[in-house]
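Peer 1: Handing you this structure, nothing more for now.
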Amino acid sequence: MLDFQGYGPRLLEGAWLTAELALASLAAALVIGLVVASAKSSRSLVAKSVATFYTTIIRGVPDLVMMMLLFYGGQIGINMATDALNAHLGTDWFINVNAFAAGVVTLGVIYGAYMSETFRGAFLAVDAGQMEAARAYGMSGWLAFRRIRFPLMMRHALPGINNNWLVLLKSTALVSIIGLSDMVYVADQATKATHQPFLFMVPVGLGYLAITAVSELVVLGLKRRFDTGFSQAT
Amino acid sequence: MADSETPLVVRDLHKSFKDVSVLNGVSLEAHEGDVITLIGASGSGKSTFLRCMNLLEVPDAGELIVHGEHVAFKQNKKTREPASWKQVERIRSRLAMVFQGFNLWAHMSLIGNVIEAPVHVLGVPKKQARERGMALLERVGLADRADYFPAQLSGGQQQRGAIARALAVDPEVMLFDEPTSALDPELVGDVLAVMRELADEGRTMVVVTHEMDFARDVSSQVIYLHEGRVEETGAPAEVLSRPDSPRLRQFLAPRF
Ligand SMILES: Nc1ncnc2c1ncn2[C@@H]1O[C@H](COP(=O)(O)OP(=O)(O)OP(=O)(O)O)[C@@H](O)[C@H]1O
Ligand SMILES: [Mg+2]
């Protein structure tokens, strides 16, 4: 009975795409967030201004608008660039923006801004003496970041990262408007064809819950990892 | 005289923060086995002087020579910075610092703290670093605490652990910034005892301290700083017992 009117396999594919998109976007958002947080705490006025400008814009504009702007605007920008190149070289190139890549970039850019705020707070929460000792023992910037600052900072950042991640995960539903067949897109199509919204939307809701449940387990493990040295009683 | 064997030579150091000048030409020469104590009122520049030695602060002017190697600086418009951070990192790894607040890395066990710089900065194989690290923890009386985290240790234990961390890089010179000031009085003795042992075995040390007994008994030279200048210096017996400077006399007065 539960073959979802033949939509089963496509729904599964959609769920897989949602998970892939969410994870790839999370990775992008974490990297962007770290870089922007570093820029904000750097001494360079230019880096600071650019970073602040970026987070202000992103936080003030709806995700959906941002996504359409980056997707269509990005396509137009690329078209103009290739047109200019073609006119110059007499070639005939055309680059089609890959919807998956566009989704990752958009979600990464949006949630990178939120992550950067999380990271900035977390950096500030680390006792300055810890990095001072790292430098005093001859650690290079990268080594000190990797061995000292990052693990100490993550303890403070983890709750914020988790919140951002849960919102990001749900935002992946927006990518259906740029033509990606994530699980919401498939369910929407199926509902329109069969007029059975519950048959499709309830499993989709459960799908998100399943991803969330798995991620809670991962977060629990990470929390234990980064609490090492702090949770132990004296 | 200083030569290429001298562990640490500092000449005519100047340092200002914004417009406030904190060091106005201070010098120091630490020969093998010297224990130099820096004393002076709060704000006289002792910590700043010490922090300039391993470039946690970059001096505005002056020379820094570690075992014959001159630290190279490049002059920007207003500020000076080290010409090579690689060189700075190398030099820092040879001058181990012990902080007032211990600053053991909170997310690492005690033995993890001790082997961190040897393994990741100096490239010592982990097993070898661990063996040596355990021997050092034994020395400071903490072998049974090797797997504890800093938060699980008393201040005195943390500071002795920090001294083991410093010894682990086999430093040319050990720099101490008021290592006992943050400790409960009953824990000071253990830390000072370890430091006395280090002095006895010929470790070269520069120690900022308010412990006048330690300065008198252990140091080979006392430097009294006042407003970023060396106001008086010499052997502890002279400087601490028969001070020339009225300021130093006043500084020492409550302790007589
Ligand atoms: N990073 C800094 N920025 C601005 N001023 C500073 C900085 N570090 C130190 N100072 C100032 O330099 C002066 C000397 O400070 P320093 O910490 O070297 O004194 P100290 O002799 O170690 O004092 P204490 O015995 O209280 O530790 C003080 O007036 C202090 O306010
Ligand atoms: Mg001080």
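Peer 1: As a test of the formula, what do you get for the protein assembly as shown when each DSSP H run with n ≥ 4 contributes -39,500 (n - 2.57) and the sum is divided by the residue count, at 222 nm and rounded to the nearest 500 deg cm²/dmol?
Peer 2: Values: 18 runs with 270 residues, N = 490.
Rounded to the nearest 500, the figure is -18000 deg cm²/dmol.
Peer 1: Another question about this same structure. Under the Kirkwood approximation for Rh and a Cα-based Rg, what ratio Rg/Rh is obtained for the protein assembly as shown?
Peer 2: Ratio of gyration radius to Kirkwood radius: 1.13.
Peer 1: Moving to a separate point now. Would you calculate the separation in nanometres between label points at B:GLN87 and B:GLU29, each defined as 7 Å from the Cα along the Cα-to-beta-carbon direction?
Peer 2: For B:GLN87 paired with B:GLU29, the spin-label model returns 2.2 nm.
Peer 1: Summing Lys, Arg as +1 and Asp, Glu as -1, what charge do residues with Cβ under 11 Å from the Cβ of A:VAL204 carry, A:VAL204 excluded?
Peer 2: Net charge in that neighbourhood comes out at -2.
Peer 1: What is the extension gain from B:GLU197 to B:GLU131, computed as 0.36 nm multiplied by their sequence separation minus the C-alpha to C-alpha distance, in nm to one decimal?
Peer 2: 21.7 nm
Peer 1: Near A:THR228, within a Cβ-to-Cβ distance under 13 Å, what is the net charge of the other residues, with Lys and Arg +1 and Asp and Glu -1?
Peer 2: +2
Peer 1: When the Cα centres of the range B:145-174 and the range A:8-53 are compared, how far apart do they sit, in Å?
Peer 2: Here the two parts' Cα centres lie 39 Å apart.
Peer 1: Along Cα→Cβ, 7 Å out, is where each label goes; now give me the distance between the ones at A:SER49 and B:SER245 in nm to one decimal.
Peer 2: 4.7
Peer 1: Over chain B, what portion of Cα pair distances is larger than 29 Å, expressed as a whole percent?
Peer 2: Tail fraction, whole percent: 31.
Peer 1: While we're on this one: Taking 7 Å along the Cα-to-C-beta vector as the label spot, tell me the A:MET80-B:ASP170 distance in nanometres, rounded to one decimal.
Peer 2: 6.3
Peer 1: Then there's this: Calculate the FRET efficiency for A:ALA128 and A:ASN96 from the Cβ-Cβ distance with a Förster distance of 41 Å, rounded to the nearest 0.05.
Peer 2: It comes to 0.25.
Peer 1: List B:TYR148, A:TYR72, A:TYR111 from most exposed to least, where exposure is judged by having the fewest other Cβ atoms within 10 Å.
Peer 2: Ranking B:TYR148, A:TYR72, A:TYR111 by Cβ neighbours within 10 Å, fewest first, gives A:TYR72, B:TYR148, A:TYR111.
Peer 1: Then there's this: Restricting the calculation to Cα positions, tell me the Rg (one decimal) and the Dmax (whole number) of the range A:23-180 in Å.
Peer 2: Looking at the range A:23-180, its Cα Rg and Dmax stand at 18.8, 60 Å.
Peer 1: Using only Cα atoms, locate the centre of the range A:158-193 and the centre of the range B:227-245, then give the distance between them in Å, rounded to an integer.
Peer 2: Here the two parts' Cα centres lie 73 Å apart.
Peer 1: Return the FRET efficiency for the residue pair A:ASP3, A:LYS170: r is the Cβ-Cβ distance, R0 is 22 Å, and the value is rounded to the nearest 0.05.
Peer 2: Values: r = 27 Å, r/R0 = 1.24.
Computed FRET efficiency for A:ASP3 and A:LYS170 comes out at 0.20.
Peer 1: Between the range B:64-85 and the range A:79-149, what is the C-alpha centre distance in whole Å?
Peer 2: Cα centres, the range B:64-85 to the range A:79-149: 32 Å.
Peer 1: Something else: Could you work out the local net charge near B:GLN221, counting Lys and Arg as +1, Asp and Glu as -1, over the other residues with Cβ closer than 13 Å to its Cβ?
Peer 2: -3
Peer 1: Can you give the extra length, in nm with one decimal, that the chain gains between A:LYS223 and A:SER42 once fully stretched, where that is 0.36 nm per residue apart less the Cα-Cα distance?
Peer 2: Contour length minus the Cα-Cα distance gives 62.4 nm.
Peer 1: So for the protein assembly as shown: antiparallel DSSP bridges make up what percent, rounded to the nearest 5?
Peer 2: Of the beta bridges lying entirely in the protein assembly as shown, close to 60 percent run antiparallel.
Peer 1: Could you derive backbone 3J(HN,Hα) for the range A:129-140 from the dihedral phi with the Karplus parameters 6.51, -1.76 and 1.60 (θ = phi - 60°), listing whole Hz in sequence and x where the residue is Gly or Pro?
Peer 2: x, 5, 6, 4, 5, 4, 5, 4, 9, x, 6, 6
Peer 1: Read phi for every residue in the range B:96-105 and hand back ³J(HN,Hα) as whole Hz from Karplus 6.51 cos²θ - 1.76 cosθ + 1.60, θ = phi - 60°, with x for Gly and Pro.
Peer 2: 3J(HN,Hα) across the range B:96-105, in whole Hz: 8, 10, 10, 9, 4, x, 6, 6, 5, 6.
Peer 1: Any of B:LYS18/B:LYS77; B:LYS15/B:LYS78; B:LYS86/B:LYS126; B:LYS15/B:LYS77; B:LYS18/B:LYS78; A:LYS40/A:LYS223 with alpha carbons more than 19 Å apart? Name them for me.
Peer 2: From the list (B:LYS18/B:LYS77; B:LYS15/B:LYS78; B:LYS86/B:LYS126; B:LYS15/B:LYS77; B:LYS18/B:LYS78; A:LYS40/A:LYS223), the Cα-Cα distance tops 19 Å for B:LYS86/B:LYS126; A:LYS40/A:LYS223.
Peer 1: Averaged over its residues, how many other protein chain Cβ atoms are within 10 Å of peptide A:123-136's Cβ atoms? Display every interim value, and only then the final one.
Peer 2: Numbers: counts 0, 0, 0, 1, 3, 2, 8, 5, 2, 6, 14, 6, 7, 15.
The shielding value for this peptide is 5.
Peer 1: How big is D for the range A:185-228, in µm² s⁻¹ as a whole number, if Stokes-Einstein is applied with the Kirkwood radius of its Cα pairs at 37 °C and 0.692 mPa s?
Peer 2: 267
Peer 1: Could I ask something else about it? Partner chain Cβ atoms within 10 Å, averaged over the residues of B:105-111 - can you pull that number for me?
Peer 2: 6
Each value in this text was obtained by applying a stated rule to the coordinates, not by laboratory testing. In this text, all values refer to a predicted model and were calculated from it rather than measured experimentally. Cβ coordinates were reconstructed from backbone atoms using ideal geometry, including for glycine residues, and neighbour counts include every protein chain displayed.
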